[in-house]
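J.: One structure follows; several queries about it will come next.
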Amino acid sequence: MHLIFFDESKDDNGYRHYHFGGICIAEENIGTIEQKVGAIALRVFDSDKLSRDTELHASDIYHRKSNFKKFSEFEDRVSILSDLAEVLTLDVVHLIDVQINCDKLSAKQKAEEFGFMFFCERANDLVRSKRALGMLIGDRESDRVADKFAKNLSAYRASGTDFAFGRDVDNLIDSVHFSHSHLSRLIQLADVYTWFLQFRNRNRGSENNRHRSVLNVLGRQDINLF
């Protein structure tokens, strides 16, 4: 069994791309990765207890918000992002990346629905290649989105995805499960990965010093997220 934790990064008027990112980890490796992320939280907060006060969100780290207001030195915050990138690079953490160009959609088409559909296809392909089953776990941001994703997965499992050349989704089991991100280190890790995806694409080629600091981390030879 593989558990697949996912998060989304929505588009805005200045950046017309929607990202859906996920991390896929075999059950026997879950504890190890959870401990590694917990160890980062312990170094940062002097506590690895799961709570809103010890939650790791990439955007908050970068912008010095929420739990990271006291981290006045930008280099210290980049170091935290670097530590998280190193966990994401581990061989046992498999990465799933979906990017939607929202300008290519019609007025009636929704990026989150396309993103989730393509994500299900790629997650299913990944676990199938390992002759395994997978279960999806996401951040419960709203009951509406949770209900929609659960119903969509059920439909994909029953009759495939929604195109003329739609794909069977037969290696993902049960429903989509949701938890609040402050209660899961691995949902937090998925948040960090998805943030890295949009950050690199959004700021590619930027000469801004802060942008370059993060892009330099993502471009290191020992970091492989893309």
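J.: For the subset of the range 146-186 comprising residues that are over 30 Å from residue 38 (Cα atoms) and of a type in the set (Asp, Glu), which member is modelled with the highest pLDDT? Give the steps one after another, and end with the answer.
T.: Initially, the range 146-186 is screened for residues over 30 Å from residue 38 (Cα atoms), giving 148, 151-170.
Adding the requirement that they be of a type in the set (Asp, Glu) leaves 162, 168, 170.
On the way: 162: 83, 168: 93, 170: 96.
Among those that are over 30 Å from residue 38 (Cα atoms) and of a type in the set (Asp, Glu), it is 170.
J.: Are there any pairs, at least 6 apart or on different chains, whose C-beta atoms fall under 6 Å, with the first in the range 190-209 and polar (S, T, N, Q) and the second part of a helix (DSSP H, G or I) and open to solvent by 10 Å² or more (accessible area, probe 1.4 Å), and if so, which?
T.: Sorted first by the residue in the range 190-209, then by its partner, the pairs are 203/211.
J.: How many residues are within 21 Å of residue 5 (Cβ to Cβ) and open to solvent by less than 50 Å² (accessible area, probe 1.4 Å) if we restrict to the range 137-160? Talk me through it step by step, then tell me what you get.
T.: Pass one, the range 137-160, residues within 21 Å of residue 5 (Cβ to Cβ): 137-154, 156-157.
Adding the requirement that they be open to solvent by less than 50 Å² (accessible area, probe 1.4 Å) leaves 137-139, 142, 145-146, 149-150, 152-153, 156.
Residues in the range 137-160 being within 21 Å of residue 5 (Cβ to Cβ) and open to solvent by less than 50 Å² (accessible area, probe 1.4 Å): 11 in total.
J.: If you check 201, 224, which single one turns out to be open to solvent by 20 Å² or more (accessible area, probe 1.4 Å) and either out of contact with any His (no Cβ under 7 Å at 6 or more places or on another chain) or under 27 Å from residue 31 (Cα atoms) (or both)? If you could, list the steps in order and put the result at the bottom.
T.: On the way: 201 fails: either out of contact with any His (no Cβ under 7 Å at 6 or more places or on another chain) or under 27 Å from residue 31 (Cα atoms) (or both).
Only one candidate qualifies: 224.
J.: Still on this model: Kindly evaluate residue 131 against the criterion of being among the charged types (D, E, K, R), touching an Asp or Glu at 6+ places or on another chain (Cβ under 6 Å) and surrounded by fewer than 18 Cβ atoms within 10 Å (Cβ to Cβ). Lay out the reasoning, then the answer.
T.: Numbers: among the charged types (D, E, K, R): yes; touching an Asp or Glu at 6+ places or on another chain (Cβ under 6 Å): no; surrounded by fewer than 18 Cβ atoms within 10 Å (Cβ to Cβ): yes.
The answer is no for residue 131.
J.: Quick one: count up the residues across the range 161-196 that are aliphatic (A, V, I, L, M) and either part of a loop (DSSP other than H, G, I, E, B) or open to solvent by 30 Å² or more (accessible area, probe 1.4 Å) (or both).
T.: To start, the set of residues in the range 161-196 that are aliphatic (A, V, I, L, M) comprises 164, 169, 172-173, 176, 183, 186-187, 189-190, 192.
From the residues that got through so far, the ones that are either part of a loop (DSSP other than H, G, I, E, B) or open to solvent by 30 Å² or more (accessible area, probe 1.4 Å) (or both) too are 164, 169, 173, 176, 183.
Total satisfying the criteria: 5.
J.: Just give me the residues in the range 100-124 being at pLDDT 95 or above and either open to solvent by less than 50 Å² (accessible area, probe 1.4 Å) or in a strand (DSSP E or B) (or both), in sequence order.
T.: Within the range 100-124, 119, 120, 121, 123, 124 qualify.
J.: When residues of the range 44-88 are filtered for being in contact with an Asp or Glu (Cβ under 7 Å, 6 or more places away or on another chain) and closer than 18 Å to residue 215 by Cα, how many remain?
T.: Result for the range 44-88: 2.
J.: Let me ask you something else. Considering the range 9-22 alone, what residues qualify as being surrounded by fewer than 24 Cβ atoms within 10 Å (Cβ to Cβ) and closer than 15 Å to residue 176 by Cα?
T.: none
J.: Let me ask something else. Quick check: anything in the range 39-52 touching a residue at least 24 places away in the same chain (Cβ under 8 Å), open to solvent by 70 Å² or more (accessible area, probe 1.4 Å) and under 30 Å from residue 109 (Cα atoms)?
T.: no
The values are calculated or read from the model by the stated rules, or taken from the named source; none is laboratory data. Since the structure is predicted, the reported quantities are computational estimates derived from the model, not experimental observations. Cβ coordinates were reconstructed from backbone atoms using ideal geometry, including for glycine residues, and neighbour counts include every protein chain displayed. To get the accessible areas, we keep the full protein, side chains included, count just its heavy atoms, and leave off ligands, DNA and RNA. Shrake-Rupley method; radii C 1.70, N 1.55, O 1.52, S 1.80 Å.
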